[in-house]
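Below is one structure; the comments refer to it alone.
The values are calculated or read from the model by the stated rules, or taken from the named source; none is laboratory data. Treat the numbers as computed from the prediction; the structure is a model and nothing was measured. As a convention, Cβ positions derive from the backbone with ideal geometry for all residues, glycine included, and neighbour counts pool all protein chains shown.
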């Protein structure tokens, strides 16, 4: 299967007053065309930075990116900012975690939605507005004509997220990055938004990168999952396989920390003790070692390399689950 | 309807402010330990002076005096200027001086904003890089030189050494557009360099804060050019502080150009105030201060109305207040 997006050996560095911060290191990831890939990890694991860096949305004198990113035959890392921009909208698009901060507070929805259509697709003002109304209807916003004239703060959270999805799919992108699209929403609205994304993906034949910290969201919505920890991909497998046969202790810990309905009330929640390693001062061994319940001597000393099982299951662990010590 | 009540409330607040300010000034005039009648009529006898005091209400208490002045003021009678040879009306002077000050102020604002907005946007876009450092350092120098010093330097270099521009006076439009502007260039420069520094810094700081917002990344991901993002997405939400500050400095520029108007003999409101103080024309001083207070209050109202246009959230907050 050909890859729509292929990220190779990507490292992202931020210059901070405390020193160089490696937010993403040596990440390889493939997004096969027509699939949905979940990226899971706790806050600070580098999921968002990875996506933004892949698209080239990180700017400023303090950021540096190395490695190669190839999208749909274009080597983004070898192109100028202006050339990459040509691919936005109709090639790649992104929806953001918090629709309140990601929509411009002082511009009307209609203006923000039609802008991409006019700039990227060269539509006239009235055509773009008409299309914007259709897009709002496509993401099931009732009373679309009135919403076009509204400001973001006048809409509910779920509506704002629908607007953002409409903006992202406006130019019919091949790949949609969805960066925690449901984190800021109520649980019921969450389910509606995920359902909408699923349907849009099928109708528009989009591939999707779904970033989340919630393994539950990944389960029904993705074909593959990459688990990230401390800036690295630590496990990568088809979604069904990952849940049936996880190899990485971190993934197991993440799954166990989801509260379950069949727990008795009052049962203490399972948490992953400790914190992510300091990104300006990474340990020499495995980053998860201090928090891992299967930890061995070797884990503290040597950094594990990625291993690939014959069935394509990738993980980064010296002593994976299911292997005799 | 709630919106109307907001504005009624706002306007009545400002009216109270106006009354308090003018009453304060009126009290100050009464506190000054000189007898206005003696200054105005140095050779008159006591009955004539008493008649003069009665005519402007100085024989009444502070409140009676204020009410009489206020009554005259709202009817357009701003009092008189007393010379040894006779009297002139304050309103006559202000009618001549006000357009000059208004024009001077408008040119200053237009020039200052016209320069500061592109500079602020550019230095925020290039924050920390060379263009930003050059702009910031240059403006820092300008902001540390007082306006009158800039005026004097300009007079020495541009006015007397090269004789490019007239150093004194004012020309009306009827004397020629170019003549008019020739007299305005140096006063406008003297007044605006400090403002440019102030405005640029305000805009730069707000733009830098806005550039970190998610909606900027969102705009980038739509494939918009940097120029479009800066002007269409970032400038407007970042400009509230700038325009508030600019509108409030309008009031100050009307009367606050005292020194500059005196240096360049523009004979605007600032100069009239300067002359009123020098000539101890206290009634005139009181009326001029009242007029300036009126402008301050007016521009405050403009800020309130304008901020609703710049940021729609303010409008709704008011409607629901």
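Some notes on this structure:
- Residue count for the range A:95-135 satisfying the condition of being more than 22 Å from residue A:197 (Cα to Cα), outside any helix (DSSP H, G or I) and within 8 Å of another protein chain (Cβ to nearest Cβ): 4.
- Helices (runs of 4 or more DSSP H) enclosed by the range B:28-145 - at least 2 residues per element that are more than 27 Å from the chain's Cα centre (by Cα) and modelled with pLDDT of 85 or more: B:46-56, B:62-74, B:90-125, B:130-144
- As a summary of the residue check, residue A:271 satisfies the conditions (1) over 25 Å from residue A:21 (Cα atoms); (2) surrounded by 14 or more Cβ atoms within 10 Å (Cβ to Cβ) except for the one numbered (2).
- Restricting the range A:33-47 to residues that are buried (at least 24 other Cβ atoms within 10 Å of the Cβ) and not in a strand (DSSP E or B), the residue that is nearest to the chain's Cα centre (by Cα): A:47
Matching residues to (1) touching a residue at least 24 places away in the same chain (Cβ under 8 Å); (2) within 24 Å of residue B:302 (Cα to Cα):
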residue: B:216; (1), (2): no, no
residue: B:222; (1), (2): no, no
residue: B:233; (1), (2): no, yes
residue: B:251; (1), (2): yes, yes
residue: B:260; (1), (2): yes, no
residue: B:263; (1), (2): yes, no
residue: B:267; (1), (2): yes, no
residue: B:270; (1), (2): yes, yes
residue: B:278; (1), (2): no, no
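- Once the range A:255-266 is narrowed to residues that are in a loop (DSSP other than H, G, I, E, B) and surrounded by 10 or more Cβ atoms within 10 Å (Cβ to Cβ), the residue that is farthest from the chain's Cα centre (by Cα) is A:263.
- Condition check for residue A:178: within 14 Å of residue A:110 (Cβ to Cβ) and either within 14 Å of another protein chain (Cβ to nearest Cβ) or out of contact with any strand residue (DSSP E or B) (no Cβ under 7 Å at 6 or more places or on another chain) (or both): no
- Of the helices (runs of 4 or more DSSP H) contained entirely in the range B:146-241, those carrying at least 1 residues that are more than 14 Å from every other protein chain (Cβ to nearest Cβ), surrounded by fewer than 21 Cβ atoms within 10 Å (Cβ to Cβ) and in contact with a helix residue (DSSP H, G or I) (Cβ under 6 Å, 6 or more places away or on another chain) fall at B:147-154, B:177-211.
- Qualifying positions in the range B:251-275 - surrounded by 21 or more Cβ atoms within 10 Å (Cβ to Cβ), over 21 Å from residue B:155 (Cα atoms) and modelled with pLDDT under 85: B:254, B:255
- Residue ID - surrounded by the most Cβ atoms within 10 Å (Cβ to Cβ), chosen from residues in the range A:48-75 that are over 24 Å from residue B:213 (Cβ atoms) and in contact (Cβ under 8 Å) with a residue 12 or more places away in the chain: A:71
- Residue A:280 being at pLDDT below 90, closer than 20 Å to residue A:22 by Cα and not in a helix (DSSP H, G or I): yes
- Single residue of the range A:76-94 satisfying the filter (without any contact (Cβ under 8 Å) to a residue 12 or more places away in the chain and at the interface with chain B (Cβ under 9 Å from one of its Cβ atoms)) that is surrounded by the fewest Cβ atoms within 10 Å (Cβ to Cβ): A:82
- In the range A:111-124, residue modelled with the lowest pLDDT [restricted to those that are out of contact with any helix residue (DSSP H, G or I) (no Cβ under 7 Å at 6 or more places or on another chain) and more than 18 Å from residue B:220 (Cβ to Cβ)]: A:122
- For the range A:158-172, taking the residues that are surrounded by fewer than 23 Cβ atoms within 10 Å (Cβ to Cβ) and not in a helix (DSSP H, G or I), the one that is nearest to the other protein chains (Cβ to nearest Cβ) is identified as A:171.
- Cβ separations smaller than 7 Å between residues 6+ apart or across chains give the following pairs from the range A:293-312 residues that are closer than 17 Å to residue A:25 by Cα to residues that are exposed (fewer than 13 other Cβ atoms within 10 Å of the Cβ): A:303/A:284.
- Residue A:303 at pLDDT 90 or above, more than 22 Å from the chain's Cα centre (by Cα) and either assigned by TED's automatic domain parsing to the domain that holds residue A:16 or surrounded by fewer than 20 Cβ atoms within 10 Å (Cβ to Cβ) (or both): yes
- In the set (1) more than 10 Å from every other protein chain (Cβ to nearest Cβ); (2) at pLDDT below 95; (3) surrounded by 19 or more Cβ atoms within 10 Å (Cβ to Cβ), the condition left unmet by residue B:245 is number (3).
- Check on residue B:304, assigned to a helix (DSSP H, G or I), within 14 Å of chain A (Cβ to nearest Cβ) and surrounded by fewer than 21 Cβ atoms within 10 Å (Cβ to Cβ): no
- The set of residues from the range A:277-305 being closer than 14 Å to residue A:249 by Cα and in contact with a strand residue (DSSP E or B) (Cβ under 7 Å, 6 or more places away or on another chain) comprises A:287, A:288.
Per-residue answers, yes or no, for (1) in the same structural domain as residue A:308 (by TED's automatic domain parsing); (2) within 30 Å of residue A:118 (Cα to Cα); (3) in contact with a helix residue (DSSP H, G or I) (Cβ under 7 Å, 6 or more places away or on another chain):
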{"position": "A:184", "(1), (2), (3)": "yes, yes, yes"}
{"position": "A:204", "(1), (2), (3)": "yes, yes, yes"}
{"position": "A:225", "(1), (2), (3)": "yes, no, yes"}
{"position": "A:247", "(1), (2), (3)": "yes, no, no"}
